[in-house]
Amino acid sequence: MKYSMSNFDILAIISEIRSKLIEARIQKIYQIGNIFIFKFKTETGKMNLLVETPNRIHITEYERGKPKIPPNFCIKLRKSTKNLRVCDVYQHNFDRVIVLELGYIQSEEETSDSKPIITFKVIFEFFDKGNVILTDENNIVISASRYKTMRDRRIIPNRAFSLPTTSGQNIMNLSLENFKNMLQNSNKRIIPTLVSNLNIGPNYAQEICIRANVDLQASSNSILDKSKEIFIEIENLLRPFKEKQFTPQIIYKNSDFYAISPIDMQIFQEFKQKKFKTINEAADEFYSLQEETIEKKQIQEQISESKAKITRLERILNDQKQQLQALISKGEKFKKYGDLIYQNLGLIQQLFEFVNSSRKNKISWDEIISKLEKEKKEDGSFAQIMNKIIPNNALVELKIGDTSFQIDFTDSPTQIANNFYQKSKKMLKKKLGAEKAIQNTLKKLETAKLEDSIEKPIIEKPRKKRTQKWFEKFHWLKSSNGFLILGGKDVKTNEIIVKKYMNDNDIFLHASFAGAPAVIIQTEGKEVPEESILEGAQLAISYSGAWKAGYSQADAFWVKGSQVTFTPPSGEYRKKGSFIIQGTKNILKSIPATIKIGFKIEDEYVYPVISPNIESKDILFPVEICPGDLKSSILAKEIISYWLSNVKDSKLRNKIRRINIDEIQRLIPTGKGKINI
């Protein structure tokens, strides 16, 4: 990807996106290598702005894998800018620099006007190696993707940031007189003169000369007679940028991507071109389809991480098993010592009494040991259990049968035995802890092996995000009889569904549990069979507190839409998120808390959906899940594994592997469950 955006490209991009970005709110920032993706919520919906310095900036519709752990600079950006609004975005002095001013909008009390209050700035530099700089409202550097010290400015934390000095004149404000002086004072060829003095790229310098019919090799001061013609062509070139009338296109050379252009240019007349409605669309396709798919690199990293994780867990498991065996051996050994002391208590007491009384009588250790050696020769003598004495440590080493161990002869034998039993009990407690740790490691290892066993997608080219249908922002399914069933995800969407999408003839359902969603069946004036009503009830119960509580079934009710109101009876209060039901409820008993998750194929996309109870041609390989303890991340991977085990077509398998795990997790109630076998 050699082509970097010119000043003109950046001007056109900003011209298109500025009005959309003003007052947009930052929701999230992602960093994928050198690529930053700023997710904005605008008045018309969501918008993803991609920035890759020093190459490009544009709105993107393409999907990209996100790193599990964001880089430190990205974290800093997120913390500083989350939920801030765009106060302004502009190109600095027609240079390859963009300033994004963030803050909040303060309404004037006496007028309807609003005043932007800037709290942070993000500066994008598209020259040299590129840079992204975060500053406060006073232009003090907070952080940057690249710190550096230059001759005329420094980009380091807690220091004032200054924008780069623009070389040459701003072409947007150029006068004929200044242009003539520029040519007269230059002994360079015309192309280098235009490039260096007007701060434009060589393509645009050539375009100006071709339009003015000027020899590209001519020296600047030799064509003063043509200065007016050249100046007129400069103005003609600038007109679409000033009037924001673009003819965006991708330029191909030998069928390969070559450049993008916001306007028609004579230098590209012989090249193949593809036209677009906006320069952002052109830039998005031009750059995105050339990306060395970052997903491919991430998948390789995931494979390496997965293998390393399995190796690490296997090593930990092996160490834990060795530690467990050591604890068992120690516990058995200490118990055996205690048993042997009690079995030979009389002999040990005699031995202790002999040693301690001898010492009281000031008999030397040599003499004590000598007497004990003689005593050993007597049958049944207490000395026969003694192996040796260690006087300096007050220890005697006993040998009973083929077991040798040392004990303190100044202590009570029964106390020593009890101490051994206590040590044995401690080892038993540690053993239980070690066994629990082994079970936890086995679970982690099983999960790691499951993750490793899931086939990774074969990434070809980035693809545009699938355009979601309006109802996909809710819980939804198409019933066995083709009726659209919608369920709220929270208090806000519960009210939206009822207020905006429910008619009097529709059906409203609710579970008997707290925290249940409002569910409606859009009837379109038709009679709804019992099968569809039960499927709506299952949706209501599965996304209620019944699932989290582990209930396998629960009750629900349904009424007509005309029976639901937000107005409580006189003198009563309606809690936020609740509904007033008028008239008789139709009770549904013992509805199972289960849902089925299958996948749909739509053009090049495969995506997970909730399936009705009766098999649908549109939804393939539904998997029934119910309340359980498996985390949604693990359960989602098991569901993908099930799909892959049933699909033989390699192209379809690759599409399944590209499903984002998050998409399945969002369908799993309360983030936990299990496959219903």
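What's the number of the condition Gln422 fails, among (1) in contact (Cβ under 8 Å) with a residue 12 or more places away in the chain; (2) under 60 Å from the mean Cα position of the chain (by Cα)?
Of the numbered conditions (1) in contact (Cβ under 8 Å) with a residue 12 or more places away in the chain; (2) under 60 Å from the mean Cα position of the chain (by Cα), the odd one out for Gln422 is (1).
Checking Phe8 against (1) out of contact with any strand residue (DSSP E or B) (no Cβ under 7 Å at 6 or more places or on another chain); (2) among the aromatic types (Phe, Trp, Tyr); (3) open to solvent by 20 Å² or more (accessible area, probe 1.4 Å), which test does it fail?
Only one criterion in (1) out of contact with any strand residue (DSSP E or B) (no Cβ under 7 Å at 6 or more places or on another chain); (2) among the aromatic types (Phe, Trp, Tyr); (3) open to solvent by 20 Å² or more (accessible area, probe 1.4 Å) is unmet by Phe8, namely (3).
Give the number of residues within the range 163-181 that are surrounded by 15 or more Cβ atoms within 10 Å (Cβ to Cβ) and over 20 Å from Phe241 (Cβ atoms).
Residues meeting the conditions: 3.
Taking only the range 416-452 into account, find how many residues are of a type in the set (S, T, N, Q) and open to solvent by 80 Å² or more (accessible area, probe 1.4 Å). Reasoning before the result, please.
Our first condition is that a residue be of a type in the set (S, T, N, Q); within the range 416-452, this holds for 418-419, 422, 424, 439-441, 447.
So of that shortlist, the ones also open to solvent by 80 Å² or more (accessible area, probe 1.4 Å) come out as 422, 439.
Of the residues in that region, 2 qualify.
Inside the range 47-90, can you point out the residues that are open to solvent by 30 Å² or more (accessible area, probe 1.4 Å) and basic (Lys, Arg)?
Across the range 47-90, the qualifying residues are Lys66, Lys68, Lys76, Arg78, Lys79, Lys82, Arg85.
When you check Asp504 against the structure, is it in contact (Cβ under 8 Å) with a residue 24 or more places away in the chain, part of a helix (DSSP H, G or I), out of contact with any Cys (no Cβ under 9 Å at 6 or more places or on another chain) and over 16 Å from Gly577 (Cα atoms), yes or no?
Numbers: in contact (Cβ under 8 Å) with a residue 24 or more places away in the chain: yes; part of a helix (DSSP H, G or I): no; out of contact with any Cys (no Cβ under 9 Å at 6 or more places or on another chain): yes; over 16 Å from Gly577 (Cα atoms): yes.
No: the conditions fail for Asp504.
Could you tell me whether any residue of the range 598-618 is at pLDDT below 90 and basic (Lys, Arg)?
Looking through the range 598-618, at least one residue is at pLDDT below 90 and basic (Lys, Arg).
Can you name the residue in the range 127-161 that is assigned to a strand (DSSP E or B) and of a type in the set (Gly, Ala, Ser) and is also most open to solvent (accessible area, probe 1.4 Å) among such residues? Outline the logic, then answer.
Restricting attention to the range 127-161, the residues satisfying the condition of being assigned to a strand (DSSP E or B) are 131-136, 140-144, 148-149, 154-155, 160.
Subset that is of a type in the set (Gly, Ala, Ser): 143-144, 160.
Details: Ser143: 13, Ala144: 9, Ala160: 70 Å².
The extreme case among them is Ala160.
Can you tell me which residues in the range 492-505 are open to solvent by 10 Å² or more (accessible area, probe 1.4 Å) and in contact with a Pro (Cβ under 9 Å, 6 or more places away or on another chain)?
Listed by number, the residues that qualify are Thr493, Asn494.
Test of understanding: among Phe508, Phe513, which residue is open to solvent by 10 Å² or more (accessible area, probe 1.4 Å) and farther than 30 Å from Arg658 by Cα?
On the way: Phe508 fails: open to solvent by 10 Å² or more (accessible area, probe 1.4 Å).
Just a single option satisfies the conditions, and that option is Phe513.
Somewhere in the range 349-360, is a residue modelled with pLDDT of 90 or more, in a helix (DSSP H, G or I) and in contact with a Lys or Arg (Cβ under 6 Å, 6 or more places away or on another chain)?
no
Checking Lys228 against (1) crowded, with 20+ Cβ neighbours inside 10 Å; (2) more than 45 Å from the chain's Cα centre (by Cα): exactly one of these is not met. Which one?
Unmet condition: (1).
Please verify whether Lys464 is in contact (Cβ under 8 Å) with a residue 12 or more places away in the chain, under 28 Å from Arg658 (Cβ atoms) and open to solvent by 20 Å² or more (accessible area, probe 1.4 Å), treating the condition exactly as stated. Quick ask: steps written out before the conclusion?
Numbers: in contact (Cβ under 8 Å) with a residue 12 or more places away in the chain: yes; under 28 Å from Arg658 (Cβ atoms): yes; open to solvent by 20 Å² or more (accessible area, probe 1.4 Å): yes.
Against the criterion (in contact (Cβ under 8 Å) with a residue 12 or more places away in the chain, under 28 Å from Arg658 (Cβ atoms) and open to solvent by 20 Å² or more (accessible area, probe 1.4 Å)), Lys464 qualifies.
For every residue, the table says whether it meets (1) modelled with pLDDT of 95 or more; (2) part of a helix (DSSP H, G or I); (3) polar (S, T, N, Q); (4) more than 29 Å from Phe120 (Cα to Cα).
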| site | (1), (2), (3), (4) |
| --- | --- |
| Pro164 | no, no, no, no |
| Gly168 | no, no, no, yes |
| Met172 | no, yes, no, no |
| Met182 | no, yes, no, yes |
| Ser196 | no, yes, yes, yes |
| Cys209 | yes, yes, no, yes |
| Lys226 | no, yes, no, yes |
| Ile230 | yes, yes, no, yes |
| Pro240 | yes, yes, no, yes |
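Could you please let me know if Pro192 is of a type outside the set (A, V, I, L, M) and assigned to a loop (DSSP other than H, G, I, E, B)?
On the way: of a type outside the set (A, V, I, L, M): yes; assigned to a loop (DSSP other than H, G, I, E, B): no.
No: the conditions fail for Pro192.
Just checking: which of the strands (runs of 3 or more DSSP E) contained wholly in the range 585-677 hold 1 or more residues that are open to solvent by less than 70 Å² (accessible area, probe 1.4 Å), farther than 30 Å from Ser562 by Cα and basic (Lys, Arg)? Write out each step before concluding.
Details: elements: 586-592, 595-602, 605-611, 619-631, 672-675.
Because the criterion is at least 1 residues that are open to solvent by less than 70 Å² (accessible area, probe 1.4 Å), farther than 30 Å from Ser562 by Cα and basic (Lys, Arg), the strands (runs of 3 or more DSSP E) in the range 585-677 that meet it are 595-602.
Given Ile117, Ile190, which one is buried (at least 19 other Cβ atoms within 10 Å of the Cβ), touching a strand residue (DSSP E or B) at 6+ places or on another chain (Cβ under 9 Å) and farther than 19 Å from His92 by Cβ? Quick ask: steps written out before the conclusion?
Details: Ile117 fails: buried (at least 19 other Cβ atoms within 10 Å of the Cβ).
Answer to the check: Ile190.
Can you report the number of residues in the range 476-491 which are open to solvent by 20 Å² or more (accessible area, probe 1.4 Å) and under 11 Å from Gly577 (Cβ atoms)?
Qualifying residue count, the range 476-491: 2.
If a residue must be free of Cβ contacts under 8 Å to residues at least 40 places away in the same chain and either polar (S, T, N, Q) or assigned to a strand (DSSP E or B) (or both), how many such residues does the range 39-70 contain?
Going residue by residue through the range 39-70, those that are free of Cβ contacts under 8 Å to residues at least 40 places away in the same chain are 39, 41-49, 66, 68-69.
Checking the rest, the ones that are also either polar (S, T, N, Q) or assigned to a strand (DSSP E or B) (or both) come to 39, 41-42, 44-49.
The total comes to 9.
Given the criteria at negative phi, of a type outside the set (Val, Ile, Thr) and part of a strand (DSSP E or B), does Tyr204 qualify? Reasoning before the result, please.
On the way: at negative phi: yes; of a type outside the set (Val, Ile, Thr): yes; part of a strand (DSSP E or B): no.
Judged against the criteria, Tyr204 is not a match.
For the range 19-28, state whether one or more residues are buried (at least 20 other Cβ atoms within 10 Å of the Cβ) and assigned to a strand (DSSP E or B).
Yes, because at least one residue in the range 19-28 is buried (at least 20 other Cβ atoms within 10 Å of the Cβ) and assigned to a strand (DSSP E or B).
Among the residues of the range 334-354, are any within 60 Å of the chain's Cα centre (by Cα), open to solvent by 50 Å² or more (accessible area, probe 1.4 Å) and in contact (Cβ under 8 Å) with a residue 60 or more places away in the chain?
Just the residues of the range 334-354 that are within 60 Å of the chain's Cα centre (by Cα), to begin with: 334-339.
This time we only want the ones that are open to solvent by 50 Å² or more (accessible area, probe 1.4 Å), so: 335-336.
Narrowing the set further to residues that are in contact (Cβ under 8 Å) with a residue 60 or more places away in the chain leaves 335-336.
Yes, the range 334-354 contains at least one residue that is within 60 Å of the chain's Cα centre (by Cα), open to solvent by 50 Å² or more (accessible area, probe 1.4 Å) and in contact (Cβ under 8 Å) with a residue 60 or more places away in the chain.
Each row is one residue, and each column tells you yes or no for (1) part of a strand (DSSP E or B); (2) among the β-branched types (Val, Ile, Thr); (3) closer than 24 Å to Leu667 by Cβ.
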{"site": "Glu527", "(1), (2), (3)": "no, no, no"}
{"site": "Glu531", "(1), (2), (3)": "no, no, yes"}
{"site": "Leu539", "(1), (2), (3)": "no, no, yes"}
{"site": "Trp547", "(1), (2), (3)": "no, no, yes"}
{"site": "Tyr551", "(1), (2), (3)": "no, no, yes"}
{"site": "Ala554", "(1), (2), (3)": "yes, no, yes"}
{"site": "Pro568", "(1), (2), (3)": "no, no, no"}
{"site": "Gly571", "(1), (2), (3)": "no, no, no"}
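The values are calculated or read from the model by the stated rules, or taken from the named source; none is laboratory data. Worth saying up front: this structure is predicted, and the values here are computed from it rather than measured. Methodologically, a virtual Cβ is constructed for each residue, glycine included, from the backbone with ideal geometry; neighbour enumeration extends over all protein chains shown. Ligands, DNA and RNA are excluded from the accessible area calculation, which covers all protein heavy atoms including side chains. Shrake-Rupley method; radii C 1.70, N 1.55, O 1.52, S 1.80 Å.
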